[in-house]
Every structure is written in structure tokens, then in C-alpha cells.
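Single-structure report; data block below.
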Amino acid sequence: MDRLFSTLSKHIIEEERKHPSATGEFTNLMTDIAVASKVIAAKVNKAGILNILGVTGKVNIQGEEVKKLDEYANDIFKKVLEIGGYTCILASEEDEEALILKQATGKYAVVFDPLDGSSNIDANVSIGTIFGIYKKSSKEDHCSKEDLLQPAKNMVAAGYIIYGSSTMFVYTTGNGVHGFTLDPEIGEFILSHKDIKIPEKSKIYSINEGNYSTWPEGIKKYINKIKQERTHSLRYIGSLVADFHRNLVYGGVFLYPQTSKNPKGKLRLLYEAGPLSYIVKEAGGKGSNGTTDILDIVPNSIHERVPLFIGSKKDVEEIETILKEG
């Protein structure tokens with residue numbers, strides 16, 4: 001019975017009470033995100049029998065085939081957040097342009113990847129949603145794209161939802177990282193992972209070794225080193241949220257370097273690298289592009305890409321050192 005008093009909703013309200021000037025808007029926004037994630041989780045669990053597996057025939061702004069569940073998740077997030085009215089601008093990894101909500105009076109800007117890892121959907125591999133929340137920075141009546149182009153360190157919250165053997169909602173507001181597991185019997189996210197801390201040093205690395213020949217020499221040097229020393233084991237799912245979640249809980253480092261095919265990196269700064277780096281920092285870890293902390297990078301565009309090295313702090317710092325050495 002005690003677990004019923006440790007719900008996501010209650011946790012968010014308790015966090016709000018720590019800020020006497022809070023208006024309740026942030027709490028309502030987080031509640032809307034939780035509602036959207038429950039709707040998506042229900043569809044993901046029934047995807048095989050609802051005929052929403054496979055592709056739509058469309059290609060998104062990233063040049064990737066759009067899966068049916070991609071499109072569904074994107075639409076759900078946009079509709080729920082627009083109706084809620086607590087945001088004034090949204091940016092999705094799936095859409096070419098940001099969506100400015102001209103009728104909304106909300107003071108928050110939300111960025112999200114509605115269904116990360118969607119290439120694994122048809123294989124029933126864990127996938128997820130990533131989101132980040134900024135406060136409106138401009139002084140105009142309505143939001144503009146500039147409200148999105150802030151460094152990730154300016155976020156007021158970030159989180160992800162992983163749809164796997166269970167559905168988990170993990171988030172931080174800059175005061176610890178907490179995980180909640182969806183109890184399908186009562187339809188509530190229940191606190192299951194309080195104050196998550198990632199080990200400072202790990203024995204796990206996650207990278208697609210099939211791209212070895214296309215990596216920078218520094219990354220080859222690092223991978224060869226840990227293989228020769230036999231200090232790490234390879235664990236790679238190929239779904240960013242799933243790989244990140246495992247490493248956050250057990251310790252590990254995830255590497256997605258630039259390659260000859262993607263010289264600027266492949267992952268998106270705004271929707272993937274930024275929010276996850278905000279989360280991992282609050283858990284004691286680090287996110288880097290190899291030379292700079294991800295949290296300090298100011299985006300130039302909403303679809304900017306970056307290399308990403310993220311996870312246990314000492315592992316990330318070792319990678320930075322090796323890359324610096326050349």
C-alpha cells in the first residue's frame with residue numbers, strides 16, 4: 001500500500017512545494033508529458049495487433065524513414081502539449097520546423113524525440129521518448145526559435161521514457177534523478193529508482209563496432225586500449241534510450257563518434273545529447289562531444305548534430321584525454 005503514495009504525480013508536486021513562487025504550470029506540464037507517455041506505451045504494447053508496425057512511406061527531416069509508431073508518438077506529444085497550454089513552442093526530432101503555439105500563454109519551450117530507436121520497433125527492442133524543458137528566454141509576447149537555441153545547462157527539466165519489459169519514466173529537475181515504473185493495474189508511475197547515481201568508473205562500453213573503419217584515430221585508440229587491457233565488456237543494443245538507461249543504472253559509457261559518413265556526428269544536440277547529458281550530470285556522470293561538455297554547447301539550429309560520449313564520468317574524461325592527445 002505504501003507504494004501508492006510514491007507516485008510520479010505526488011513526487012512532482014512535492015518538488016514544486018520547495019519553490020514558494022511556483023505557479024503550478026510546471027507540474028501541469030510534467031503531468032501532460034506523463035499522460036502522453038502512457039498513451040504511447042499502450043500503443044507500443046499493442047503495436048503488433050493494431051497494424052501500426054512498419055513504415056509510413058514518408059521520410060523525415062533527418063532523412064530517415066518514418067515508422068508508423070514514430071508518427072503516432074509525434075502527433076500525441078504535440079496534441080497533448082498544445083492542448084495543455086503550458087508551452088509556447090515545441091520542437092520535435094521528426095518535424096522540419098519548430099511549432100510556435102501562438103494562442104498559448106505558457107512560459108515553457110519543450111524539445112523532444114517522440115520515439116528514439118524506432119529502427120528497432122519491428123524487432124520488439126526497447127525504445128523510448130526523450131524530452132527537455134526550457135523556460136522561455138525571450139521578452140516577446142510569444143516564443144520564438146531563439147527560446148529553443150539555449151545550451152542544455154539552461155534546462156529546467158529533462159527526462160526519458162523507456163518502453164520495454166516495463167515502462168519507466170526517468171526525470172530530473174536538477175535535484176537528483178528519479179525513476180518511476182508504470183503499474184498497468186492502477187495506471188500510475190510508481191517510484192522504483194530513487195536518486196539514481198551512475199558509478200564514477202565503469203566496466204561497460206557501448207558502441208557500434210561495425211563502424212570501426214570510419215572512426216577518428218582517437219576513438220580507435222581508446223577502443224583498442226580497453227580491449228587490450230580487458231577492462232571493459234561490450235554491451236550495445238543500438239537503441240540510445242535503452243543503452244543509456246542500462247549504463248545509467250549499472251555504469252557504462254556510450255560512444256557515438258563522428259564518422260567519415262557523418263563528420264559532424266549523427267545524434268541530435270537538442271533532442272538527444274542535451275537532455276541525456278543534463279540527466280547524467282545530475283546522476284554524477286558526464287556528456288561530451290569529445291572536447292566540450294554537451295551542456296555548454298549553444299545550438300545553431302534545432303536539428304544540429306554532435307558526436308556523443310556519455311556515461312560514467314571517469315570513462316568520458318579518459319576518452320576526452322585520448323582525443324586531445326590525437
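Annotation: Ile130 fulfils all but one of (1) modelled with pLDDT of 85 or more; (2) farther than 17 Å from Lys78 by Cα; (3) crowded, with 21+ Cβ neighbours inside 10 Å; the unmet one is (2). Of the residues making up the stretch 130-158, those that are more than 19 Å from Val306 (Cα to Cα) and under 15 Å from the mean Cα position of the chain (by Cα) are Ile133, Tyr134, Val156, Ala157. Of all the residues in the stretch 284-304, those that are closer than 15 Å to Gly174 by Cα and surrounded by fewer than 21 Cβ atoms within 10 Å (Cβ to Cβ) number 2. Among the criteria (1) part of a helix (DSSP H, G or I); (2) touching a helix residue (DSSP H, G or I) at 6+ places or on another chain (Cβ under 9 Å); (3) in contact (Cβ under 8 Å) with a residue 12 or more places away in the chain; (4) under 27 Å from Ser119 (Cα atoms), the one Gly218 does not fulfil is (4).
Filtered by the rule that a residue be under 25 Å from Ile162 (Cα atoms), of a type in the set (Ser, Thr, Tyr) and either in contact with a Gly (Cβ under 8 Å, 6 or more places away or on another chain) or surrounded by 15 or more Cβ atoms within 10 Å (Cβ to Cβ) (or both), the stretch 219-249 gives Tyr236, Ser239.
Across the stretch 133-156, which residue is farthest from Ala34 (Cα to Cα) among those that are among the hydrophobic types (A, V, I, L, M, F, W, C) and surrounded by fewer than 24 Cβ atoms within 10 Å (Cβ to Cβ)? Per the stated criteria, the residue is Leu149.
The values are calculated or read from the model by the stated rules, or taken from the named source; none is laboratory data. Note that the structure is predicted; figures quoted are calculated from it, not measured. With ideal geometry, Cβ positions are generated from the backbone for all residues, glycine too; neighbour counts draw on all protein chains shown.
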